[in-house]
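The values are calculated or read from the model by the stated rules, or taken from the named source; none is laboratory data. Model, not experiment: these values are computed from the prediction. Ideal geometry is used to build each Cβ from the backbone, glycine not excepted, and the neighbour counts take in all protein chains shown. Accessible surface is based on the protein model in full, side chains and every heavy atom, while ligands, DNA and RNA are left aside. Shrake-Rupley method; radii C 1.70, N 1.55, O 1.52, S 1.80 Å.
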Amino acid sequence: SFDLPRGKITALVGPNGSGKSTILKMIAGLARPSQGSVKVNEKPANRRIAGEVAFLSEKDVLYPFFTVQETIKFNAGLFADFDMQKAGEILSFMDLEPDKKVKHLSKGNLGRLKILLVLARRSPLILMDEPLAGLDPLARDSIIKSMISYLDLQEQTVFISTHEVSEVEPVLDMVMSLHNGRIKGFEEVEKIREKYGLSLLDWMKETLAN
């Protein structure tokens, strides 16, 4: 069991198959737990929770025949909290071509578009499943900067699953390590550095080894 601290960026780390994506899907209401319950702001996490949770899937789930701009407008129609002004700012920041079709985007630009669609929402909870997977270092740096620039941590809480531990460490408040569906550690990043004298990667290795 765990509670996500409000207004913080928390990373979920662990080896493949440990349950990271499953946890995010359950919080997003896209999967049901076999035992126990999941709540978002004291409400059961089910399909109807989508208005309060912005979820970035590791899989490519966008319509390939839409242009970038059409994809943005489509998502604006789906979610009442979608901020078109913010979407326009992120579009410019990410250097995406609005008239380019999704099927013609490079993997890096597709990743940027998926990030845009999540960050443009004002939902209180943002879930991101491997947002940096497969992206080159420059793209990762750009995306991490956009996360800092366009999040409102007075109102939003962020939960990210990632293997790119070193890249995201500078923006994290908390980290949770997971192995075989069990939480092995849940700690403040600053405490890991100051109290234990470890990098996030070393802490991750240590907790998963026990």
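The table that follows gives values for the structure above.
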read-out	value
Residue ID - farthest from Glu52 (Cα to Cα), chosen from residues in the range 98-118 that are free of Cβ contacts under 8 Å to residues at least 40 places away in the same chain and touching a helix residue (DSSP H, G or I) at 6+ places or on another chain (Cβ under 6 Å)	Lys100
Only one of Leu30, Leu12, Leu96 that is outside any helix (DSSP H, G or I) and open to solvent by 20 Å² or more (accessible area, probe 1.4 Å)	Leu30
Criterion: free of Cβ contacts under 8 Å to residues at least 24 places away in the same chain and either in a helix (DSSP H, G or I) or touching a Phe, Trp or Tyr at 6+ places or on another chain (Cβ under 7 Å) (or both) - qualifying residue of Gln69, Gln85	Gln85
Single residue of Ala54, Ala45 found to be closer than 18 Å to Tyr150 by Cβ, among the small types (Gly, Ala, Ser) and in contact with a strand residue (DSSP E or B) (Cβ under 9 Å, 6 or more places away or on another chain)	Ala54
Test: Gly88 is at pLDDT 95 or above, closer than 17 Å to Ser142 by Cα and surrounded by 13 or more Cβ atoms within 10 Å (Cβ to Cβ)	yes
Positions within the range 72-82 being assigned to a helix (DSSP H, G or I) and of a type in the set (A, V, I, L, M), in sequence order	Ile72, Ala76, Leu78
Test result for Glu52, acidic (Asp, Glu), free of Cβ contacts under 8 Å to residues at least 12 places away in the same chain and at negative phi	no
Close pairs from the range 180-207: first polar (S, T, N, Q), partner open to solvent by less than 70 Å² (accessible area, probe 1.4 Å), Cβ under 6 Å, at least 6 apart	Thr207/Ser177; Thr207/Gly185
Yes/no for Asp60 being in a loop (DSSP other than H, G, I, E, B), at negative phi and either in contact with a Cys (Cβ under 9 Å, 6 or more places away or on another chain) or modelled with pLDDT of 95 or more (or both)	no
Selection within the range 99-110 - open to solvent by 90 Å² or more (accessible area, probe 1.4 Å) and either part of a loop (DSSP other than H, G, I, E, B) or of a type in the set (A, V, I, L, M) (or both)	Asp99
Near pairs, Cβ below 9 angstrom, 6+ apart or cross-chain, from the range 30-48 (at positive phi) to any residue that is open to solvent by 70 Å² or more (accessible area, probe 1.4 Å)	Gly36/Ser1
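So that you can scan it fast, the table gives a plain yes or no per residue for (1) closer than 24 Å to Gly17 by Cα; (2) among the aliphatic types (A, V, I, L, M); (3) modelled with pLDDT of 95 or more:
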{"residue": "Met84", "(1), (2), (3)": "no, yes, yes"}
{"residue": "His104", "(1), (2), (3)": "no, no, yes"}
{"residue": "Glu130", "(1), (2), (3)": "yes, no, no"}
{"residue": "Ile148", "(1), (2), (3)": "no, yes, no"}
